[in-house]
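Worksheet: one structure, shown below.
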Amino acid sequence: MRRPRRYGDAGQAFPIYITVVGGLLFLAFAYFAVGQATVNRNGAQTAADAAALAAAQDRRDQLAGAWVEDLLDPTKWQAIFDGSAEGLDESCWRAQQLAAQNDAAVLRCVQDGLLGYTVEVETTDTVGDSIVPGTENMKSQETASAVIDPRCTFALLAEGAPEDALPLLTCKDREWKLDPEDLEELLPKPEDLFDVHLAD
């Protein structure tokens, strides 16, 4: 009489085994779907960060160029370090370029004041097929902001100083003694004049 009971117990355990295995497979696919979404979202954030930094760096380079052009007129320096200069071009094209290199498209690129950019991007790739309905068409959107910080200070020369003398430019821990008679000397680079970083 015991043998039939043993076979009966095994028969009852088989559906439970199938249910458990099916549940585990479902969880595995669900975690995989979550992983796909996370990777897609991380890609969007990377693209947004790169795009915002690229726009801000282009603006920084233009401001540095404006400073070099007005090197002999120190009265214009402060406006340039504050982010204002004549003839600057729009910099969002660089955001679009960097977003495309990171498989994303720019949805929005705006200048924040004179010294910053905010960029919103969307991935060109979808999350992909999974057990979660709708993911095959789902794209990720993320936003990033980058700011430009002036790194230099100076004081205009007092009245009576030689007309062609230039102020001492202090950029963080380095001083630049600019000689108007020798403008071929090494000048500060854009990264010496301005720092570019993602906003906190």
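When the chain is fully extended, how far beyond the present Cα-Cα distance does Ala158 get from Asp112, taking 0.36 nm per residue of separation?
Details: separation 46, 0.36 × 46 = 16.56 nm, distance 3.48 nm.
Roughly 13.1 nm would be gained on extension.
How much length, in nm to one decimal, is gained on full extension between Lys139 and Leu168, taken as 0.36 nm per residue of separation minus their Cα-Cα distance?
5.3 nm
If you take the alpha carbon radius of gyration of the stretch 38-104 and divide it by 2.2 N^0.38 Å, what ratio comes out, to two decimals?
1.43
Say R0 is 22 Å: what FRET efficiency, to the nearest 0.05, do Asp195 and Val68 get from their beta-carbon distance?
For R0 = 22 Å, the calculated efficiency reads 0.75.
Among 106-112, 117-123, 47-53, how do they line up by average Cβ neighbours within 10 Å per residue, starting with the highest?
Descending mean neighbour count gives 47-53, 117-123, 106-112.
If the cut-off is a Cα-Cα distance under 21 Å, which lysines reach Lys172, setting aside same-chain residues fewer than 8 apart in sequence?
Here the lysines satisfying the reach criterion relative to Lys172 are Lys76, Lys189.
Just so you know, all these numbers are worked out from the coordinates, no wet-lab data involved. Nothing here was measured: the structure is a model prediction, and the numbers come from that model. All Cβ positions, even for glycine, are placed from backbone atoms using ideal geometry, and neighbour counts span all protein chains on display.
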